[in-house]
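J.: What follows is a structure written as structure tokens; I'll ask about it next.
The values are calculated or read from the model by the stated rules, or taken from the named source; none is laboratory data. All values reported here derive from a predicted model rather than from experimental measurement. Using ideal geometry, Cβ is built from the backbone for each residue, glycine included, and neighbour counts are taken over all protein chains shown. For accessibility, only protein heavy atoms count, side chains too; no ligands or nucleic acids. Shrake-Rupley method; radii C 1.70, N 1.55, O 1.52, S 1.80 Å.
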Amino acid sequence: RGNTGNRRIGRTLMPSQSTDTFAYTNPAFCALMLRDFVQNYMKADNRGVPLPLMLLPLPIALSGDLADTFNGTNSRTGLITWVSRHPEITLDLGRRIEALTPFSREALLFAISRRILDINDAGYVDLDNTGMKKALRFPATEPRGRILSISRTFGRWVGDVQSTETVLACLRLYQ
């Protein structure tokens, strides 16, 4: 755990990642987060997820300091109520999104190439279940399960809003 220094990959000196960081940011696990987000978003809005919203799940679900803000919530809590209870969520959210955009992009490409997600004719991200033989679930008591649970809950809240502009404004990412 923790940073162990630098390692050489080819000719490039790369900072080493902790095992946990590597595990939680690998494309396959991140694709599962995106899939859970999309699946729950689509329970409220079956058109699919607008592409800009696909940058939100990873920074929210992987930010350990935000995990506690989900305690005592459920699918009916809603995005606006959650943000009003915890306005600190919006602090540095833009920076978090920017930092994780490469992981979000890689996860989305992985999910599309493995037929877990798809882009529908309207240009929205949609489910493609042909690549998933069986839904993976982890106990909510372990970190992976907690992260996926946050992604599902957040997906439902964002889907309930049914407006990209309102979601971004609520999170203070768009004014």
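J.: Are any residues in segment 129-148 over 14 Å from Pro59 (Cβ atoms) and either open to solvent by less than 30 Å² (accessible area, probe 1.4 Å) or among the aliphatic types (A, V, I, L, M) (or both), and if so, which ones? Can you show your working first?
T.: We begin by selecting, within segment 129-148, every residue over 14 Å from Pro59 (Cβ atoms); these are 129-146, 148.
Those that are over 14 Å from Pro59 (Cβ atoms) and either open to solvent by less than 30 Å² (accessible area, probe 1.4 Å) or among the aliphatic types (A, V, I, L, M) (or both): Met132, Ala135, Leu136, Ala140, Gly145, Leu148.
J.: Scanning segment 89-104 for residues that are closer than 21 Å to Leu79 by Cα and of a type in the set (Gly, Ala, Ser), which turns out most open to solvent (accessible area, probe 1.4 Å)?
T.: Among them, the one singled out is Gly94.
J.: May I ask you to list pairs of residues, at least six apart or on different chains, whose Cβ atoms are under 7 Å apart, with the first in segment 33-54 being within 22 Å of Gly145 (Cα to Cα) and the second being surrounded by 16 or more Cβ atoms within 10 Å (Cβ to Cβ) and polar (S, T, N, Q)?
T.: As it stands, the answer is Met33/Ser151; Asp36/Ser151; Phe37/Ser151; Met54/Ser104, since those pairs meet every condition given.
J.: Here's something else I'd like to know. Has segment 53-72 got at least one residue that is surrounded by 14 or more Cβ atoms within 10 Å (Cβ to Cβ) and assigned to a loop (DSSP other than H, G, I, E, B)? Even if it seems obvious, please write down each step before you answer.
T.: Initially, segment 53-72 is screened for residues surrounded by 14 or more Cβ atoms within 10 Å (Cβ to Cβ), giving 53-63, 66-67, 69-70.
Then drop every residue that is not assigned to a loop (DSSP other than H, G, I, E, B), which leaves 56, 63.
Yes - at least one qualifying residue is present in segment 53-72.
J.: Any idea which residue in segment 149-175 is nearest to Ala31 (Cα to Cα), counting only those that are touching a helix residue (DSSP H, G or I) at 6+ places or on another chain (Cβ under 9 Å) and open to solvent by 50 Å² or more (accessible area, probe 1.4 Å)?
T.: Checked segment 149-175; the qualifying residue nearest to Ala31 (Cα to Cα) is Arg152.
J.: Pick from segment 105-128 the residues that are assigned to a helix (DSSP H, G or I) and over 13 Å from Leu32 (Cβ atoms): which of them is least open to solvent (accessible area, probe 1.4 Å)? Break it down into steps so the answer makes sense when it comes.
T.: Residues of segment 105-128 assigned to a helix (DSSP H, G or I): 105-113.
Okay, now just the ones that are also over 13 Å from Leu32 (Cβ atoms), so 105-106, 109, 112-113.
Values: Arg105: 155, Glu106: 92, Leu109: 90, Ile112: 57, Ser113: 73 Å².
Checking each candidate, the answer is Ile112.
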